1. Please enumerate the residues belonging to the range 181-210 that are assigned to a loop (DSSP other than H, G, I, E, B) and more than 18 Å from A128 (Cα to Cα).
2. Going through L220, L201 one at a time, which residue ends up being touching a residue at least 40 places away in the same chain (Cβ under 8 Å), touching a Leu at 6+ places or on another chain (Cβ under 6 Å) and buried (at least 17 other Cβ atoms within 10 Å of the Cβ)?
3. In the range 12-36, what count of residues is obtained for those that are over 15 Å from L220 (Cα atoms), of a type in the set (A, V, I, L, M) and open to solvent by 20 Å² or more (accessible area, probe 1.4 Å)?
4. Restricting the first residue to the range 87-104 and requiring it to be touching a residue at least 60 places away in the same chain (Cβ under 8 Å), which pairs with a second residue that is assigned to a helix (DSSP H, G or I) meet a Cβ separation below 7 Å and a spacing of at least six or different chains?
5. When the range 51-71 is examined, which residues are found to be of a type outside the set (D, E), within 17 Å of the chain's Cα centre (by Cα) and under 10 Å from F83 (Cβ atoms)?
6. What is the one condition in (1) within 20 Å of C115 (Cβ to Cβ); (2) among the aliphatic types (A, V, I, L, M); (3) open to solvent by 40 Å² or more (accessible area, probe 1.4 Å) that L77 does not satisfy?
7. Here is a list of conditions, (1) open to solvent by less than 20 Å² (accessible area, probe 1.4 Å); (2) at positive phi, and A67 meets all of them except one; can you say which number that is?
Amino acid sequence: WADASDTPGEALWDSDPARAAEPHMALFEPYADTSLPMLDLGCGNGTQTRWFAGRYPRAVGVDQSAAAVRHARRAALTSTAEFLQLDLVETEQVRKLHNRLGDVNVYMRAVLDQCEPQDRPAVAEAVAELIGERGRAFVVDPLPSGLAMLCEMARQPGGLPPKLAKLVRYGLRAGGMEEETVPGLLRAAGLTVLGRGETVLALTEHRPDGTPLDLPAQWLVTGRSE
């Protein structure tokens with residue numbers, strides 16, 4: 001994020017909410033109390049958070065990157081969305097945020113997939129802490145078939161498109177987890193998987209023919225109980 005400009009869509013994950021948060025909420029909201037605040041974990045430059053601000057009573061975006069939070073705040077001058085820097089593995093800071101906001105709903109798009117494996121249990125526990133008893137979390141991460149698709153693209157004569165090539169240079173990954181990893185992490189954190197299915201992870205990258213390059217993904221809704 002430190003190397004990114006404020007240009008909408010420059011970052012690989014900075015998708016239009018009409019292709020990201022909006023279809024995801026159609027899956028999520030039947031399970032959720034929509035009177036609770038929405039907490040966007042791994043918010044990046046806050047595009048989805050700003051969309052949530054028009055739909056929920058309170059929308060807060062959280063990212064561990066100070067540069068991302070600066071981008072988000074600059075873009076939110078006419079929005080009610082709030083932005084905070086927070087590392088989800090910092091248990092005490094997560095607890096303080098829950099004490100401040102109360103139970104919340106959580107949106108987490110392609111976050112666990114980008115975490116170091118040793119940090120994923122702590123991130124799942126942070127989700128459990130933040131949603132408390134009343135909240136629900138919507139978690140979406142790319143499936144292993146997404147990684148296979150990217151590897152196949154990398155072998156083609158043109159190689160990876162520019163934004164994906166940049167992702168690789170920065171050491172980021174997509175689709176590196178087995179399909180049952182995320183449900184297992186959430187259950188280990190004391191949560192129940194209330195719903196799951198397949199979707200796509202919308203990117204701002206395109207194929208050579210101009211069509212959107214979206215990764216196959218799975219979605220889960222999780223909470224304390226039904």
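1. Of all residues in the range 181-210, those assigned to a loop (DSSP other than H, G, I, E, B) come to 189-191, 202-205, 207-210.
If the condition is that a residue be assigned to a loop (DSSP other than H, G, I, E, B) and more than 18 Å from A128 (Cα to Cα), then A202, L203, T204, E205, R207, P208, D209, G210 are the ones that fit.
2. None of the others qualify; the one that does is L201.
3. 1
4. Partner pairs satisfying both residue conditions: D103/I131; V104/L130; V104/I131.
5. A59, V60, G61, V62, A68, V69, H71
6. Answer for L77: the failing condition is (1).
7. A67 satisfies every listed condition except (2).
One line per residue, one yes/no per condition, for (1) touching a Phe, Trp or Tyr at 6+ places or on another chain (Cβ under 7 Å); (2) of a type in the set (K, R); (3) open to solvent by 10 Å² or more (accessible area, probe 1.4 Å):
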{"residue": "R58", "(1), (2), (3)": "no, yes, yes"}
{"residue": "V89", "(1), (2), (3)": "no, no, yes"}
{"residue": "Q93", "(1), (2), (3)": "no, no, yes"}
{"residue": "K96", "(1), (2), (3)": "no, yes, yes"}
{"residue": "C115", "(1), (2), (3)": "no, no, yes"}
{"residue": "A137", "(1), (2), (3)": "no, no, no"}
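The values are calculated or read from the model by the stated rules, or taken from the named source; none is laboratory data. Everything numeric here is computed off the predicted structure, so don't read it as measured data. Cβ: placed from backbone, ideal geometry, glycine included. Neighbour counts: every protein chain shown. When the accessible area is computed, the model is the full protein with side chains, heavy atoms only, and any ligands, DNA or RNA have been set aside. Shrake-Rupley method; radii C 1.70, N 1.55, O 1.52, S 1.80 Å.
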